[in-house]
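First comes the structure, then the notes that go with it.
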Amino acid sequence: MTKVFFTSDHHFGHRAIIDYESRPFADTEQMNESMIAGWNEAVGQEDRVFHLGDFSFLDKEETGRILSRLNGYKTLILGNHDRGRSRSWWLDAGFQEVSENGIIYKEFFLLTHEPLYMNQHMPYVNVHGHIHGQKYAGNNHFNVCVEHWNYRPVSFEALMDALASQENQRDDSLSES
């Protein structure tokens, strides 16, 4: 059975991100290899992955080599660091689909690179990246940056479980009032 995964902000080949985000890697080679291994441990060949931006700082050839090693059908939503390259560049590198804008998934989840403004009364969840180790409070945002998920994609099931747990905690705190 095909599973769906979400992830963002791998920054393959980006040396400075190791320091900026205190990533636990000695260098970009170790970071890249660890993230490739983590991806493939989580994602099967027939699974689908939505990458929510900032995939690679490498040239097309190196980016293509990484993409060819990653399991799954891969869709990229362009992040701020991806936009310097055309949609066709990313398709040629190896993504099966590339979106310049967000995607609505299952009529309820807004997949974007940067978090969107969401008030508590909006009936949607914004699944996003961009803010790395930071996290917005509440049930309307879900950060899939690699820093929150042990440098690997998070499954749709895990996302749903986390949202249900947040909702249960909210309901429990309301009933105690």
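The values are calculated or read from the model by the stated rules, or taken from the named source; none is laboratory data. From a predicted model like this one, the values you see are computed outputs, not experimental measurements. A quick note on method: Cβ atoms are made from the backbone with ideal geometry, for glycine too, and the neighbour counts reach across all protein chains shown. Quick note on the areas: whole protein, heavy atoms, side chains included, nothing else; ligands and nucleic acids left out. Shrake-Rupley method; radii C 1.70, N 1.55, O 1.52, S 1.80 Å.
Condition check: within 20 Å of T2 (Cα to Cα) and at pLDDT 95 or above. Does R87 satisfy that? So R87 fails the test. Residue pairs whose Cβ atoms lie under 7 Å apart, sitting 6 or more positions apart in sequence or on different chains, and linking a residue in segment 16-34 that is of a type in the set (G, A, S) to a partner that is open to solvent by less than 70 Å² (accessible area, probe 1.4 Å), are S34/F25; S34/Y151.
Remark: pairs (first residue in segment 108-123, closer than 16 Å to N143 by Cα; second residue open to solvent by 70 Å² or more (accessible area, probe 1.4 Å) and not in a loop (DSSP other than H, G, I, E, B); Cβ separation under 9 Å; 6+ apart in sequence or on different chains) = L110/I104; L111/I104.
Does segment 1-12 contain any residue that is touching a residue at least 40 places away in the same chain (Cβ under 8 Å), open to solvent by 40 Å² or more (accessible area, probe 1.4 Å) and touching a strand residue (DSSP E or B) at 6+ places or on another chain (Cβ under 7 Å)? Yes, because at least one residue in segment 1-12 is touching a residue at least 40 places away in the same chain (Cβ under 8 Å), open to solvent by 40 Å² or more (accessible area, probe 1.4 Å) and touching a strand residue (DSSP E or B) at 6+ places or on another chain (Cβ under 7 Å). The residue that is farthest from R48 (Cα to Cα), among those in segment 104-133 that are in a loop (DSSP other than H, G, I, E, B) and touching a Pro at 6+ places or on another chain (Cβ under 9 Å), is I131. Here N80 does not fit the description of being surrounded by 17 or more Cβ atoms within 10 Å (Cβ to Cβ), of a type in the set (S, T, N, Q) and under 25 Å from F25 (Cα atoms).
Residue count for segment 52-77 satisfying the condition of being open to solvent by 10 Å² or more (accessible area, probe 1.4 Å) and either among the polar types (S, T, N, Q) or modelled with pLDDT under 95 (or both): 2. Checked across segment 115-126, the condition of being open to solvent by less than 20 Å² (accessible area, probe 1.4 Å) and either of a type in the set (S, T, Y) or in contact with a helix residue (DSSP H, G or I) (Cβ under 6 Å, 6 or more places away or on another chain) (or both) holds for no residue.
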